[in-house]
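*Asks:* Once you've had a glance at the structure underneath, I'll fire off some questions.
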Amino acid sequence: MALINTLLEVNHLSISFGGLRAVDDLNLSIKKGELYGLIGPNGAGKTTAFNLLTGVYKPNEGIIRLDGKNITGLKTIEINKAGIARTFQNIRLFKDLTVLDNVKVGLHNLYSYSTLSAVLRLPSYRKVEKQMDKRAMELLEVFGLAESAHLKASQLPYGKQRKLEIARALATEPKLLLLDEPAAGMNPQETQELMSTITFIRDKFNLTILLIEHDMKLVAGICERLTVLNFGRVLAEGSTSEVLKNPEVITAYLGE
Amino acid sequence: MKELFKKNKDTLITLGIVTGAYIVIEILLKAGALSSLFKGLLVPLCAYIILAVSLNLTVGILGELSLGHAGFMCIGAFTSAFFSKITVGVINPGWLRFVFAILIGFFFAGLFGFLIGMPVLRLKGDYLAIVTLAFGEIIKNIINVLYIGRDSKGLHFSIKDSVSLGLEEDGQMLINGAQGITGTPKDSTFTAGFILIMITLVIILNFIKSREGRAVMAIRDNVIAAESVGINVTKYKLLAFSLSAALAGVAGVLYSHNLNSLMATTKNFGYNMSIMILVFVVLGGIGSIRGSVISAIILTLLPELLRGLSTYRMLIYAIVLIAMMLFNWAPSARAFRERMVAKLPFFKKKSAEKEV
C-alpha cells in the first residue's frame, strides 16, 4: 500500500540488454514535492532508469506507479500525459524552431483547435494561439529566456539551451520532472544559478524533481534524498548527507 | 490590423508575388504578346508549382524524402478525369463539375497518401525514398493496365484488355489501359490554376504556423524529444504526408483537365516527374515555400525560353541548376547576398529589427 503522499513508486524494476542487466531490481519511492537525486558512476544505469520511467524502454520486470496509477509499459506520450516530463543528457531541442515555438510544442496537448480553423484562420485559432503565446512567454520569463523568444533554438548559448529544455518540459505541466545531468557542461557560476532555478521552479510549479547529476556540489546543495546506482544495482539510498558519508559510496563513486 | 500584417508578412509576400506574376501574365495574354507555346505551358506550370509546394511539406517540413509524389498526382489526375468524363452533361454548369473533380482528386490522392503512408512512414531517409519511388511506379503501372468501360448494363472492369470487358456495341470505353482517358473536358484554365495555387499556399502556410504544423516540425527536428512532450508522432507524420499527397492530387486534376488524352507515362507520372519536382524543392530551398514557387517557375520556363539554342538547351539548363544551387546555398554566396540586401533601403529596417 503506497503512502498517500508518495508520487513515484518503483518496485523491482529490471531490464536486460543481451546478457547485461542494465538496471537490476531498482526500487524508488519519491514523495510529493521532493528533490531527489539519482547518482552513480558512468554506465551505472541512471539514464536507462530514466528511459524506463518515460517509456522509451519497456522493463523486463517491475512496476512503476505514478500517483498510485500503474504506468508500467505505457508509451512515452501516454506517460507524458500521465504527468512525467524530462530533459536529456545530450540536449534535444527542436533546433530549427524558435525558442517560443519550442515551448509551444510543449503546450501541444493542453490547447486545441481544429485543423480547419488553423487553415482558415478562424477566431478560435487566433484566440488559442494568443493564449499559448502568453503561457509560453510566462515560462520563458521564469528562465530568463523571454528576450531570446524569437531566436532559433540552435542560436542559443549552451547554458540557455539547457534551460529551454526544462522550460519545454514544464510546459506539459508535469507532476514529476526528470532532469538528466542538467549541469553538464556548465561553469560554476551557471551551476549556482541553475541550482536556485531548480528549487525555484519546484516551489512555483508544485513539482517533484528527480535528477541525475555528476556535479557533487549541486547534488549536495539541493537534493534532499539520494539513490546511488552501481552496475545497475542500488548501492545505497537515504538522505543526502548520510549517503555521501557512506564508505561504500565513497569507494565506488567518489574515489578513495 | 498592423499587427496582423506583421505577423503574416511572409505569407502575404509569397501570395503577393504569385498574384503579381498572375497579373503580369494576364496582361501579356490580353496584349497577345505570348507565343502559343508559352500559353500551352501556363496550366502545367500552375500544376508544377502546386506539386513543388506540396512536396516541400513532406521534404522540408516533415523532413522525409519522398520520390513518389508524381504517383499521388497520377491518382488525382485519373480519378478526377474519370469523374469528369462520366458526369459531362450530367452536372452543369462546367465549373461546378470541375469543383467536384478537384475535391475528388484531393480526396482520393489524400486517401492513398494515408494508406501508403501507414506502412511506409515507419522507414526513414533513403529507405523511405526508395519505397515511395516504388509505390509511385506501382500506381502508374496499375493505371496502365486498367480497363473500364460503360454500356447499358453499367460499368465493366478489367485488368487484361479492352475485349475482355465484353462491352455492348454501343458501349463506351472510359479508361483504355495504356491509352488512358481520352476526351476529358478541358476545364483547366490559367485562372483556375492561379486560384488553386493561392488555395494551396494558404493551406500550407497556415498549416505550418499552426499547432499541428509545429508538431510536424518538432518531429522533423527531434523525434525522441517530440514524443517526450506528448506529440503523437505517427499521427502527425501521416497528417502531413496525406495532406501533401492530397494537394499533389489537386495538381493532378489541373494537369489532367488540360489534356485531351491522358496517359500515365514515365514522363508525366513516373519517377522522372517525381525527381523533377524534387529538384524544384531542393533548388528553391528545402522548407522554403516561396523558394519552391520561384524555382518551379524558372525551371519550367527556362527550357522553353532556351528552345532557340536547340542542342545546347539542356547543357545550359544544367549549368543554371548548378549556378542556382551555389547562389542559394554556398556560404560565401549567402554572405554576399546578405550584405547586398542590407544595403537596400527597404530591408534596412528589417535587419535592424532582427538584432533587437
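What follows is calculated from the coordinates using simple rules that are stated; it is not laboratory data. The structure presented is a predicted model; accordingly, all values stated were derived computationally and were not measured. Note that each Cβ is placed from the backbone with ideal geometry, even for glycine, and that neighbours are counted across all protein chains shown.
*Asks:* Between 0 and 90 degrees, rounded to the nearest ten: what's the tilt of helix B:233-256 against the longest Cα principal axis of chain B?
*Replies:* 60 degrees
*Asks:* Would you mind estimating how fast the protein assembly as shown diffuses translationally, via Stokes-Einstein at 4 °C and 1.567 mPa s with the Kirkwood radius over Cα pairs, in µm²/s?
*Replies:* Roughly 47 µm²/s, to the nearest whole number.
*Asks:* Where in the stretch A:71-106 does the amide nitrogen come within less than 14 Å of the point 7 Å from the Cα of B:THR234, taken along Cα to Cβ?
*Replies:* Answer for this model: A:75-78.
*Asks:* Report relative contact order for chain B in percent, whole number only (criteria: Cα-Cα under 8 Å, sequence separation at least 6).
*Replies:* 28 percent
*Asks:* Now, a different point. Sum up the lysine pairs in the stretch B:17-305 that clear both bars: alpha-carbon distance under 20 Å and a spacing of 8 or more or different chains.
*Replies:* 11
*Asks:* Just grab the label-to-label distance for A:GLU147 and B:ILE298, each label 7 Å out from Cα along the Cβ direction, in nm (one decimal).
*Replies:* 3.9 nm
*Asks:* Find out how many positive minus negative residues lie around B:SER244, taking Lys and Arg as positive, Asp and Glu as negative, among other residues whose Cβ is under 12 Å from that of B:SER244.
*Replies:* 0
*Asks:* Treating the angle as unsigned and between 0 and 90°, give the value, to the nearest 10°, between the Cα long axis of helix B:271-284 and the longest Cα principal axis of chain B.
*Replies:* Taking Cα atoms only, the helix is inclined about 20 degrees.
*Asks:* Another question, if that's okay. Along Cα→Cβ, 7 Å out, is where each label goes; now give me the distance between the ones at B:VAL223 and B:LEU34 in nm to one decimal.
*Replies:* 4.4 nm
*Asks:* Right, something else. Would you mind ranking A:GLU190, B:GLU227 by Cβ crowding within 10 Å, fewest neighbours first?
*Replies:* So the ranking, lowest neighbour count to highest, is A:GLU190, B:GLU227.
*Asks:* Let's see if you can work this out: charge +1 on each Lys and Arg Cβ, -1 on each Asp and Glu Cβ, no other charges. What is the dipole magnitude of chain B about its Cα centre, in debye to the nearest 20?
*Replies:* The calculation lands at about 1320 debye.
*Asks:* Moving to a separate point now. Note down the net charge around B:THR266, summing +1 for each Lys or Arg and -1 for each Asp or Glu among other residues with Cβ under 10 Å from its Cβ.
*Replies:* Result for the local shell: +1.
*Asks:* Contour minus end-to-end for B:LEU306 and B:VAL90, with contour as 0.36 nm per residue of separation and end-to-end as the Cα-Cα distance?
*Replies:* The B:LEU306-B:VAL90 span can extend by a further 73.4 nm.
*Asks:* Among B:ILE219, B:THR14, A:GLY18, whose Cα projects farthest towards the positive end of the dipole of the protein assembly as shown, with charges put on the beta-carbon of Lys, Arg (+1) and Asp, Glu (-1)?
*Replies:* B:THR14
*Asks:* Still on this structure, I have one more. For a label point 7 Å from the Cα of A:ARG126 along Cα→C-beta, name the residues of the stretch B:180-210 whose backbone N is under 19 Å from it.
*Replies:* So the set is B:202-203, B:205-210.
*Asks:* Hey, another quick one. Provide the net charge surrounding B:LEU128, with neighbours chosen by a C-beta distance below 14 Å and charges set as Lys +1, Arg +1, Asp -1, Glu -1.
*Replies:* It works out to a net charge of +2.
*Asks:* Let me ask something else. Of B:GLY136, B:SER36, B:ALA246, which is farthest towards the positive pole of the protein assembly as shown's charge dipole, taken about the Cα centre with +1 and -1 on the beta-carbons of Lys, Arg and Asp, Glu respectively?
*Replies:* Highest projection toward the positive end goes to B:SER36.
*Asks:* Per residue of B:214-225, what is the mean number of Cβ atoms on other protein chains within 10 angstrom of that residue's Cβ?
*Replies:* Whole-number average of other-chain Cβ neighbours for B:214-225 is 6.
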